[in-house]
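The values are calculated or read from the model by the stated rules, or taken from the named source; none is laboratory data. What you see is a predicted model; the values in this text were computed from it and never measured. Cβ placement follows ideal geometry from the backbone for every residue including glycine, while neighbour counts extend to all protein chains displayed.
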Amino acid sequence: MSSQDTLEARLQREARFHDTKYSGGDSYPAHYSVGPTQYVYTHMRDALGDLRGKHVLEVGCGEGWITRELAQRGAIVSAFDISPQAAENTRKVLAADNLLKRCSIGVMPAEKLEYPDNSFDIAIGFAIIHHLELGSALAELHRVLKPGGVGYFAEPLATNPLIAAYRRLTPQYRTPDERPLVLRELPQLLAAFSAYEHREFYLTALLAIALTYVPGGARLFPSLSNGLHRFDRMLLRAVPALGAWAWYTIIKVTK
Ligand SMILES: C[S@@+](CC[C@H](N)C(=O)[O-])C[C@H]1O[C@@H](n2cnc3c(N)ncnc32)[C@H](O)[C@@H]1O
C-alpha cells in the first residue's frame, strides 16, 4: 500500500468515527460532565487577544463551539473538519446565532488544505493535532499562515503512565490512528516555524478529575480543581521537566 493510500484510509476512519460521534452515536467519558478541559481552553482563548477583523483558521472544528466564539469576538473565521457531520453541526450552531456570514465552513483534511498561501493571521485548534499526519499537516499550517502569523493548539500529551493506562482501558473513546504528543519531539516537528513555545496543564489537577468517579466527587470538582491548578502552576515553574507528565499542553507557533 502506498503512503497516499494509507493516509486516505486513515482520513476515512477519522471521518467515519467522528460522523458517528456527532450524530449522537457515541458518548463521552463520564468525567466530561464537569467540563475538565475548560481550564486549558480558557487559557488558550485568553491568549488570542483582540480578534476583530483578523482572519482566523480553526483546524478540526468539531461541532463549532469554538467557531461560534471566534465569530462572536469579531474574527473572520475559516473552519474545517474531516467529518461532514461536524461541518453540518457547526453550520447549524452558527446559523442559530446569525454568525454564518462571518464564517466559511469546509470539509477537508488538515493534510491538504484548500486555502491559498499566507491567508491567516491566527490558527487555532483544540485536541486536533494528535489526530493528524503531522508532517503534511504542519507543513500545510505553515503554508497558510501569514508571515508572523501565530497558531495556538491545546493538545493532550502521551507520557503520563496513568493516563496511558486509562487510554488503553477505554479505546472506545478514541480513533485507532490518534497519537497524543510527546514534548521532546516538538523541536523536530516544529522546526519550520520561526519560534514556538509551550506550557503544560494538569498534573495534580488530574486528581480532581479522577474524583468525579467517586460518589459526590463531581460536586467538589470546581473548588478542588482550581486549587490544584494553582499548585500545578507553581510546581511546573519550579520543575518544568514535570510537564512531560501533564495531560495537556498549549503550543504557540509563530511563522
Ligand atoms: C477530539 S475532536 C476535537 C474537535 C473540536 N476541536 C473540539 O474541541 O470539540 C478531533 C476532531 O478532528 C477532526 N479530524 C480528525 N482528523 C482530521 C484531519 N485529518 N483533518 C481535519 N480534521 C480532522 C475530527 O473529525 C474531530 O472533529
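Note down all Cβ pairs under 6 Å where the first residue falls in the stretch 81-98 and is among the acidic types (Asp, Glu), the second is modelled with pLDDT of 95 or more and near the ligand (Cβ under 9 Å from one of its atoms), and they're at least six residues apart or on different chains.
Taking only residues 6 or more apart or on different chains, the pairs are Asp81/Gly60; Asp81/Cys61.
Considering the stretch 73-92 alone, what residues qualify as being within 23 Å of Asp46 (Cα to Cα) and in contact with a His (Cβ under 6 Å, 6 or more places away or on another chain)?
Ile76
Could you tell me which residue of the stretch 229-255 is farthest from Gly148 (Cα to Cα), considering only residues that are touching a Ser or Thr at 6+ places or on another chain (Cβ under 8 Å) and in a strand (DSSP E or B)?
Here is the first cut: in the stretch 229-255, the residues touching a Ser or Thr at 6+ places or on another chain (Cβ under 8 Å) are 231-232, 235, 243-245, 248, 254-255.
From what's left, in a strand (DSSP E or B): 248, 254.
Details: Tyr248: 25, Thr254: 6 Å.
Among those residues, the one meeting the criterion is Tyr248.
Being touching a strand residue (DSSP E or B) at 6+ places or on another chain (Cβ under 6 Å) and of a type outside the set (Phe, Trp, Tyr) narrows it down to one residue among Val253, Val214; which is it?
On the way: Val214 fails: touching a strand residue (DSSP E or B) at 6+ places or on another chain (Cβ under 6 Å).
Checking each option against the conditions leaves just Val253.
Within the stretch 128-153, how many residues turn out to be closer than 18 Å to Val77 by Cβ and surrounded by fewer than 21 Cβ atoms within 10 Å (Cβ to Cβ)?
Matching residues across the stretch 128-153 total 3.
How do the helices (runs of 4 or more DSSP H) wholly within the stretch 110-228 filter down when requiring 3 or more residues that are of a type in the set (Val, Ile, Thr) and within 12 Å of the ligand (Cβ to nearest atom): which remain?
none
Which residues, counting only those in the stretch 46-57, are touching a residue at least 24 places away in the same chain (Cβ under 8 Å) and either of a type in the set (Val, Ile, Thr) or under 14 Å from Arg199 (Cβ atoms) (or both)?
Those that are touching a residue at least 24 places away in the same chain (Cβ under 8 Å) and either of a type in the set (Val, Ile, Thr) or under 14 Å from Arg199 (Cβ atoms) (or both): Ala47, Val56.
Yes/no per residue for (1) more than 27 Å from Glu133 (Cβ to Cβ); (2) out of contact with any strand residue (DSSP E or B) (no Cβ under 8 Å at 6 or more places or on another chain); (3) more than 11 Å from the ligand (Cβ to nearest atom):
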| residue | (1), (2), (3) |
| --- | --- |
| Asp50 | yes, yes, yes |
| Gly53 | yes, no, yes |
| Leu57 | no, no, yes |
| Ile66 | no, no, no |
| Leu70 | no, no, yes |
| Arg73 | yes, yes, yes |
| Asp81 | no, no, no |
